[in-house]
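Notes to accompany the following structure.
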Amino acid sequence: LLYGHTFAADPGVVFKFRSNSGMISAYGVFDIHGLEAEPVVFTSLADDAYGGDTNGDGSASVPHAGDWIALRYSAERDHPVATSSIRSAVVRFGGGSGSIFGGVVINDGIAVDTADSIFENNHWSGLRLKNATATLSHLTFRDHRSGGEAAGLLLTYGTRAVLSDSIFRNNTVGIIAS
């Protein structure tokens, strides 16, 4: 997604990614707005819990942390980006690239408002913020146990974040700030 454009997803949409692929990378705005009963879901093709058995193999495949790469938002040099929003989303089994470090990665001056969402079973971290500004509320980070740091939330390189009313469960580390 190029600068000046918006990636939007309607409530109830399920995005499934093949193993070792699947990355949505944007220099524009992400506007992800699900509903509590109809979240926007980003997950592995092997995950039958959302969207059913879309790969048609019954229970033969099982999803794993790192099955697909990530959602990555970045700002282009000389092009500030409006605040992106992730609300009522579920991000599972992402973080499959050694250089990405999480299911959702926010880079380089992006401002993001994230609420009412679940990050679970991602490789390295559920949400990684690098040099970003974030308002984070009513989030659940759980089962991030694979990868070097395996944190629910990873804050790096001057990130400024306000975190409230969130749950961290069964992660190797809840939050890493470096």
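The values are calculated or read from the model by the stated rules, or taken from the named source; none is laboratory data. Note that the coordinates shown come from a computational prediction; the quantities given were computed from them, not determined experimentally. Heads up, the Cβs are rebuilt from the backbone with ideal geometry, glycines too, and the neighbour counts pull from every protein chain shown. For accessibility, only protein heavy atoms count, side chains too; no ligands or nucleic acids. Shrake-Rupley method; radii C 1.70, N 1.55, O 1.52, S 1.80 Å.
If you go through the stretch 115-150 and pick out every residue that is more than 14 Å from Gly66 (Cα to Cα), free of Cβ contacts under 8 Å to residues at least 60 places away in the same chain and among the small types (Gly, Ala, Ser), you end up with 4. Strands (runs of 3 or more DSSP E) wholly in the stretch 79-178 with at least 2 residues that are under 15 Å from the mean Cα position of the chain (by Cα) and not hydroxyl-bearing (Ser, Thr, Tyr) - which ones? Hits in the stretch 79-178: 84-87, 89-92, 104-107, 111-115, 118-120, 123-130, 133-137, 140-142, 146-156. Taken over the stretch 115-150, the criterion of being of a type in the set (Lys, Arg) and crowded, with 21+ Cβ neighbours inside 10 Å is satisfied by Arg128 alone. For the stretch 12-32, does any single residue satisfy the condition of being on the phi > 0 side of the Ramachandran plot, in a strand (DSSP E or B), crowded, with 16+ Cβ neighbours inside 10 Å and under 15 Å from the mean Cα position of the chain (by Cα)? Yes, that holds for at least one residue.
Quick test for you: out of Val91, Val62, Val112, pick the one residue that is modelled with pLDDT of 90 or more, hydrophobic (A, V, I, L, M, F, W, C) and surrounded by fewer than 17 Cβ atoms within 10 Å (Cβ to Cβ). Please lay out each step first, then the result.
Numbers: Val91 fails: surrounded by fewer than 17 Cβ atoms within 10 Å (Cβ to Cβ); Val112 fails: surrounded by fewer than 17 Cβ atoms within 10 Å (Cβ to Cβ).
The conditions single out Val62.
If the condition is being touching a Phe, Trp or Tyr at 6+ places or on another chain (Cβ under 9 Å), at positive phi and either of a type in the set (Lys, Arg) or modelled with pLDDT under 90 (or both), then the stretch 119-159 contributes Trp124, Asn131, Gly147, Ala150. Scanning the stretch 65-78 for residues that are open to solvent by 30 Å² or more (accessible area, probe 1.4 Å), in contact (Cβ under 8 Å) with a residue 24 or more places away in the chain and over 16 Å from the mean Cα position of the chain (by Cα) yields a single hit, Glu76.
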